[in-house]
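Here the structure comes first, spelled out in structure tokens, and everything after it is commentary.
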Amino acid sequence: MKTLIAAYSGVLRGERQAEADRSQRSHGGPALSREGSGRWGVACSAILMYIFCTDCWLIAVLYFTWLVFDWNTPKKGGRRSQWVRNWAVWRYFRDYFPIQLVKTHNLLTTRNYIFGYHPHGIMGLGAFCNFSTEATEVSKKFPGIRPYLATLAGNFRMPVLREYLMSGGICPVSRDTIDYLLSKNGSGNAIIIVVGGAAESLSSMPGKNAVTLRNRKGFVKLALRHGADLVPIYSFGENEVYKQVIFEEGSWGRWVQKKFQKYIGFAPCIFHGRGLFSSDTWGLVPYSKPITTVVGEPITIPKLEHPTQQDIDLYHTMYMEALVKLFDKHKTKFGLPETEVLEVN
């Protein structure tokens, strides 16, 4: 069960794809995704192809017909299901670490928001649990706010997998989707973006608190274009649940990782957790380390149809300062020394 949960959470590995990088440069921030979602999608496709060759072929035909008519639904926020978001398995997932969501300020339902999630970690488990499920009661803590976790748009081309993603409130990171949610879906929408993405995941390791943010400004431009308030989020413990082999800059290992990130869309990490039956062995089950996700104070953003670089730089600086302030205010509550400093790269 633990292995299944760990694998299932892989749907949300942050910005491990080229499309997210293109999104960052052109119109918005990076996405949440991972190579694991591709494996789930391939498995679902293989099952459907098998059904085509059986006496139940009509089921597959009907589903693909439905897929044609339903193709653009993910771009409009999908079809979230409170039933799926409230599955008991997510509560077991939450309690294993455990994962906790901490609210520091109220959010107005008359505004839209872009949540910046930090750090990425190896799999973004805190982002998945807190915003794609109701295990930590996000809807009760922020009543009237609809969270949408942004992920690779290619995942929604995978049959069956797309249905699950939409049911959890997960959306593509495409410009069409974000524009729709922030301008044509009313108010009270919150899009969660793991800003650091693949670059941040490559430096994820226990005991390290560092974010890749200084040159990530696309999400700020997006917020300005729609007048969506920015909300910094720091997830204490996200880097503790897996151990990773870190390749130094200039090494062949880092060169391979960057090439994969550029051309394939994700940066492969060499990491491990604990074994299925023993914490003294290696495996893919994450270590049961607490993850506490603290949602900070929203930064009010004006709506500027054509923001200048000066506007973007101003609010980006405000965001960085707010994130550091959030980290410093809460670090000692969650086991870090007063001398710990958040490294902003």
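The values are calculated or read from the model by the stated rules, or taken from the named source; none is laboratory data. Small disclaimer: the values here were computed from a predicted structure and weren't measured. Cβ placement follows ideal geometry from the backbone for every residue including glycine, while neighbour counts extend to all protein chains displayed. Accessible surface areas use protein heavy atoms only, side chains included; no ligands, DNA or RNA. Shrake-Rupley method; radii C 1.70, N 1.55, O 1.52, S 1.80 Å.
Of note:
- Ser279 being over 19 Å from the mean Cα position of the chain (by Cα), over 30 Å from Thr109 (Cα atoms), assigned to a loop (DSSP other than H, G, I, E, B) and at pLDDT 90 or above: no
- Considering the range 112-128, the residues that are outside any loop (DSSP other than H, G, I, E, B) and of a type in the set (A, V, I, L, M, F, W, C) include one that is farthest from the chain's Cα centre (by Cα), namely Ile114.
- Residue within the range 72-86 that is closer than 28 Å to Ile246 by Cα and either in contact with a Pro (Cβ under 8 Å, 6 or more places away or on another chain) or at pLDDT below 85 (or both) present: no
- The one condition from (1) outside the structural domain of Thr133 (by the TED database); (2) touching a Gly at 6+ places or on another chain (Cβ under 8 Å); (3) among the β-branched types (Val, Ile, Thr) that Val341 does not meet is (2).
- Of all residues in the range 291-326, exactly one satisfies the criterion of being within 28 Å of Gly207 (Cβ to Cβ), open to solvent by 40 Å² or more (accessible area, probe 1.4 Å) and outside any helix (DSSP H, G or I), namely Glu297.
- Tabulated pairs, the range 89-105, first within 20 Å of Pro147 (Cα to Cα) and assigned by the TED database to the domain that holds Pro232, second open to solvent by less than 80 Å² (accessible area, probe 1.4 Å) and of a type in the set (Asp, Glu), C-beta under 8 angstrom, 6+ apart or interchain: Trp90/Glu134
- In the range 218-246, residue farthest from Phe115 (Cα to Cα) [restricted to those that are hydroxyl-bearing (Ser, Thr, Tyr) and either open to solvent by 20 Å² or more (accessible area, probe 1.4 Å) or outside any loop (DSSP other than H, G, I, E, B) (or both)]: Ser235
- Taken over the range 133-163, the residue count meeting the criterion of being open to solvent by 10 Å² or more (accessible area, probe 1.4 Å) and of a type in the set (Gly, Ala, Ser) is 4.
- Odd one out for Pro337 among (1) open to solvent by 70 Å² or more (accessible area, probe 1.4 Å); (2) part of a loop (DSSP other than H, G, I, E, B): (1)
- With respect to being in a strand (DSSP E or B) and open to solvent by 10 Å² or more (accessible area, probe 1.4 Å), Tyr180 falls outside the description.
- Counting only residues that are assigned to a helix (DSSP H, G or I) and open to solvent by less than 100 Å² (accessible area, probe 1.4 Å), the range 51-71 holds 9 of them.
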